[in-house]
1. Considering all projection directions equally, how large on average is the shadow of the alpha-carbon convex hull of region 54-109, in square nanometres?
2. Compute the accessible area per residue over region 56-198, keeping the other protein chains in place, probe 1.4 Å, unit Å².
3. Could you give the spread of the C-alpha atoms of region 1-127 along their three principal axes, from largest to smallest, in whole angstroms?
4. Any chance you could give the angle, 0 to 90 degrees and rounded to 10, that helix 145-154 forms with the longest Cα principal axis of the chain?
5. Suppose the chain between V36 and H24 were pulled fully straight at 0.36 nm per residue; how much longer would it get relative to their current alpha carbon spacing?
6. Within the chain, count lysine pairs with alpha carbon atoms under 24 angstrom apart where the residues are 8 or more positions apart or belong to different chains.
7. Hey, if we sort K69, K25, K134 by accessible area with the 1.4 Å probe, largest down, what's the order?
8. How large, in percent, is the carbon and sulfur part of the accessible surface of the chain at a probe radius of 1.4 Å?
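The values are calculated or read from the model by the stated rules, or taken from the named source; none is laboratory data. Note that this is a predicted model, so its numbers are computed, not measured. Cβ atoms come from the backbone with ideal geometry, glycine included; neighbour counts cover every protein chain shown. Surface accessibility is based on the protein's heavy atoms, side chains included, excluding ligands, DNA and RNA. Shrake-Rupley method; radii C 1.70, N 1.55, O 1.52, S 1.80 Å.
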Amino acid sequence: MIYIIYTLIGNLVMDSQSTAFLSHKTDLRDSFRLPVWLSVMYVHVVFACLAMLTGAINFSGRILTNNRKLHRFNGYVYVISVFIVTLSSGYMAPHSTGGKIVSIAFNMVNLFWPAMTIIALIQVGRKQFNKHRKWMIRSYLFCFTNLFIHLITFVCNNGLGMIYVTSYTIGVYGAIVLNFIIAEYIIRFIFRKTVNIQ
């Protein structure tokens, strides 16, 4: 909740024109239009936060047990949010800081994040609830992509003294790898223990 509030205030109130972030972009394409980009960015931020919130709520065992309708509704909101986030990201990807190599990374995420979410939906439709939960863990970790990007970028830029563009590029690819590693760790060690206890 703290990160969601921080993200919303930071992007929609404190720096609603994304001046700090845009200052790092170089060689922007001729197709870049700031008013359109900002509008898409607002949509991207709001639905990314909504995906993070609804995803977290749906991991609640109490809600799953006591209010399945809420769990189902919340799940659909999460799925819709993921698709809106990836579609808006698809628009912003060509204008990514770091150029084409970073754009490729974002477009990869825009393909396999919805794919993992759809697989999770298919599994619950088949009543394969353990598999559904595992794929939701994989999907949900990608809600933290932006957080990991900025953490890694900060360490590389401020801690190791790398230039911002290089730091951001490492941050993007590092975040993707970190998402997969953390998800698989949770599935193999934490989730397995929870299932065994139940």
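1. Values: hull surface 17.0 nm².
Reported value for the Cα convex hull: 4.3 nm².
2. On the way: 8100 Å² over 143 residues.
Each residue of region 56-198 exposes 57 Å² on average to a 1.4 Å probe.
3. Rounded to whole Å, the extents work out to 52, 30, 19 Å.
4. 50
5. Values: separation 12, 0.36 × 12 = 4.32 nm, distance 1.86 nm.
So the chain would gain 2.5 nm between V36 and H24.
6. Numbers: K25/K100; K69/K127; K69/K131; K69/K134; K127/K193; K131/K193; K134/K193.
Summing the qualifying lysine pairs gives 7.
7. Numbers: K69 160, K25 25, K134 70 Å².
Result of the area sort, largest leading: K69, K134, K25.
8. Numbers: 7790 of 11510 Å².
Answer for the chain: carbon and sulfur cover 68 percent of the accessible area.
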